[in-house]
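The values are calculated or read from the model by the stated rules, or taken from the named source; none is laboratory data. Remember, predicted model here, so these are calculated numbers, not experimental data. Every residue, glycine among them, receives a Cβ derived from its backbone with ideal geometry; neighbour counts consider all protein chains shown. Ligands, DNA and RNA are excluded from the accessible area calculation, which covers all protein heavy atoms including side chains. Shrake-Rupley method; radii C 1.70, N 1.55, O 1.52, S 1.80 Å.
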Amino acid sequence: MVDRSFLDWPFFDQRHRALAGELEDWAARELGTVDHGDPDAACRDLVARLGRDGWLRHAAVDPEAPEAGLDVRSLCLIRETLARHDGLADFAFAMQGLGSGAISFFGTEEQRAWLARTRAGTAIAAFALSEPRSGSDVANIEAKAIRDGDDYVLSGEKTWISNGGIADLYVVFARSGEAPGAKGLSAFILPAETPGLEIAERLEVIAPHPLARLRFDGLRLPASALIGAPGEGFKIAMSVLDVFRPSVGAAALGFARRALDAALARAGERELFGAPLAELQLVQGQIAEMALDVDAAALLVYRAAWAKDSGAARITREAAMAKLFATESAQAVIDKAVQIHGGDGVRAGHPVERLYREIRALRIYEGASEVQKVIIARQALASAVEGA
Ligand SMILES: Cc1cc2nc3c(=O)[nH]c(=O)nc-3n(C[C@H](O)[C@H](O)[C@H](O)COP(=O)(O)OP(=O)(O)OC[C@H]3O[C@@H](n4cnc5c(N)ncnc54)[C@H](O)[C@@H]3O)c2cc1C
């Protein structure tokens with residue numbers, strides 16, 4: 001039985017505890033039989049069901065009341081719970097938020113019409129930032145958006161785009177040229193049916209989900225597709241990542257809790273040398289480290305979420321710490337769970353084998369662990385200078 005005592009921590013209000021309970025029941029009812037054989041079909045189905053039953057309302061702002069913002073604690077609780085039950089369900093939920101995040105926080109009233117659809121699960125969203133030569137180095141984006149009368153003309157490539165190939169809406173970041181580097185990027189809404197958008201390649205990864213490389217060749221977008229002001233693209237992307245990075249930590253936490261739960265069950269059941277595995281002190285040491293990692297990750301994730309919900313303008317440091325620690329420690333927790341399962345732990349399709357594959361990409365996307373370390377160090381150094 002998964003430990004849910006963290007819900008009593010002071011980061012949460014009563015409504016969060018109620019939400020976690022309702023989602024637990026929903027997930028137990030709805031996610032037991034997700035067929036991962038066709039990730040495109042599974043994601044479409046999951047988005048539709050998450051939308052139908054109201055969960056996607058927590059992934060984007062209310063288009064009628066955007067000033068209320070997003071409740072980051074709810075976002076994280078939902079991701080943690082979904083990830084614990086089914087990694088693809090978490091993915092489907094998360095991408096509706098990340099993909100529409102720029103519209104949630106910077107969109108006009110007209111642009112926010114998309115949110116009614118992403119929140120209902122009737123439109124699938126994608127976030128198109130990375131390029132073949134610009135992953136960690138976002139300021140190096142090469143895709144171009146050139147103003148031509150009332151239009152922007154887009155040319156270039158995006159890669160590693162989650163939901164690429166099944167999305168109805170892509171938020172694309174491209175170089176509009178107001179200044180060199182980070183200050184010369186802008187964000188655009190690109191509806192999937194726009195002529196000139198090519199799904200150049202579908203990408204397969206170790207934990208399959210819809211993923212693609214996109215190509216634009218002279219694709220025309222009206223100026224009304226621009227999100228925010230020209231040149232604000234980098235700021236927009238980083239603000240969206242600030243909010244969603246703790247939620248990547250939350251998903252990792254969900255995976256880690258599932259792994260710990262499985263390891264506890266196995267250590268209690270499995271007889272070795274005439275006694276349960278759990279009686280071996282080296283195994284107890286592993287379990288202690290796993291439990292400690294899970295609680296420490298939860299503290300960092302929900303500290304970051306609580307700080308944002310309490311009115312912090314930016315949570316760059318807290319978000320980076322939450323993502324870095326929760327994803328790295330989840331990898332370690334899952335690895336120990338595999339070890340405790342012995343040979344069964346590496347059997348294709350075993351829950352801990354699936355977790356072992358599912359956790360890996362979280363240490364790379366939305367800023368690799370090394371990038372999070374650089375962010376944390378810069379913040380620490382800046383506050384040391386301010387305090388001097
Ligand atoms: C499964 C998956 C889904 C993704 N989904 C999306 C998506 O929906 N939208 C999107 O835009 N992108 C997405 N990405 C792309 C992801 O954000 C990039 O892969 C990531 O930013 C790393 O970029 P890169 O792959 O080009 O690696 P590189 O930038 O080449 O980095 C390689 C490695 O270098 C190291 N490194 C990087 N910076 C530093 C540093 N400052 N100091 C020391 N070491 C460093 C890190 O270990 C890093 O992993 C996804 C990626 C994956 C794997």
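Before moving on, here are some points about what is shown:
- The alpha carbon centroids of the stretch 10-74 and the stretch 150-199 are separated by 27 Å.
- The equivalent ellipsoid of the stretch 113-177 has semi-axes of 23, 17, 9 Å, largest first, where each one is the square root of 5 times an eigenvalue of the Cα gyration tensor.
- DSSP beta bridges in the chain [antiparallel fraction, %, rounded to 5]: 85 percent
- Taking a straight Cα-Cα cut-off under 16 Å and skipping sequence neighbours fewer than 8 places away in the same chain, the aspartates and glutamates within cross-link reach of Lys144 are Glu131, Glu157, Glu178, Glu198, Asp217, Glu232.
- Span per principal axis, largest first, for the Cα atoms of the stretch 158-252 (Å): 39, 33, 22
- Relative to the current alpha-carbon distance between Met1 and Leu282, full extension at 0.36 nm per residue lengthens the span by 98.9 nm.
- Sites Ala296 and Val205, calculated FRET efficiency, Cβ-Cβ separation with R0 35 Å, nearest 0.05: 0.80
- With Cα atoms, 0 to 90° folded angle of helix 369-387 axis to the chain main axis: 80 degrees
- Highest-MSF residue in the chain out of Ser130, Ser155, Ser310 [GNM, Cα springs under 10 Å]: Ser310
- ³J(HN,Hα), Karplus 6.51/-1.76/1.60, whole Hz, each residue of the stretch 263-276, x for Gly, Pro: 5, 5, 4, 5, 5, x, 8, 6, 8, 9, 6, x, 8, x
- Near the amide H of Glu131, within less than 5 Å, lie the amide hydrogens of Thr159, all on another chain or at least 5 residues away, with H placed in the peptide plane.
- Rg followed by Dmax, in Å, when the stretch 1-61 is reduced to its Cα trace: 14.0, 41
- Given charges at beta-carbon only (K, R positive; D, E negative), |dipole| of the stretch 1-107 in Debye: 100 debye
- Of the three principal axes defined by the Cα atoms of the stretch 44-161, the extents in descending order read 42, 31, 25 Å.
- Between 0 and 90 degrees, the angle of helix 316-340 with respect to the longest Cα principal axis of the chain falls at about 40 degrees.
- P(r) tail fraction, the stretch 87-143 - alpha-carbon pairs more than 13 Å apart, %: 65 percent
- Accessible surface calculations at 1.4 Å, restricted to protein heavy atoms, place the stretch 347-388 at 64 Å² per residue.
- Cα-only Debye scattering, the stretch 41-111: base-10 log of I(q)/I(0) at q = 0.13, 0.25, 0.26 Å⁻¹: -0.36, -1.14, -1.20
- Share of Cα-Cα pairs in the stretch 286-388 lying beyond 15 Å, as whole percent: 68 percent
- Considering helices alone, the calculated mean residue ellipticity of the chain at 222 nm is -17000 deg cm²/dmol, with DSSP H runs of length four and up weighted by -39500 (n - 2.57) and normalised per residue.
- Per residue, the solvent-accessible area of the stretch 206-304 (1.4 Å probe, heavy atoms of protein chains only, all protein chains present) comes to 39 Å².
- 0 to 90° range, to nearest 10: angle between helix 72-85 axis and the chain longest Cα axis: 50 degrees
- Calculated from the alpha-carbon coordinates, the chain shows an Rg and a Dmax of 21.1, 80 Å respectively.
- Dipole orientation for the chain: of the candidates Val153, Ala361, Ala320, Ala320 has the Cα lying most toward the positive pole (charges on Cβ; Lys, Arg +1; Asp, Glu -1).
- The charge dipole of the stretch 236-388, taken about its Cα centre with unit charges on the Cβ atoms of Lys, Arg (+1), Asp and Glu (-1) only, comes to about 420 debye.
- Normalised per residue, the accessible area of the stretch 32-148 is 38 Å², obtained with a 1.4 Å probe and no contribution from ligands, DNA or RNA.
- Remark: accessible surface ordering of Arg202, Arg133, Arg257, Arg57 (largest first) is Arg133, Arg57, Arg202, Arg257, probe radius 1.4 Å.
- For Leu197, no residue has an amide H sitting under 5 Å from its own, ignoring neighbours fewer than 5 places away on the same chain, with H placed 1.01 Å from N.
- Calculation over all alpha carbon pairs of the stretch 176-329 in 10 angstrom steps from 0 returns a P(r) of 10, 22, 25, 22, 11, 7, 3, 0 percent.
- Net charge dipole size for the stretch 51-110 [Lys, Arg +1 and Asp, Glu -1 on Cβ; Debye, nearest 20]: 300 debye
- Accessible carbon and sulfur surface of the chain relative to its total accessible area, %, 1.4 Å: 54 percent
- Simple spin-label estimate for Ala380 and Ala313 in nanometres, 7 Å along Cα-Cβ: 2.5 nm
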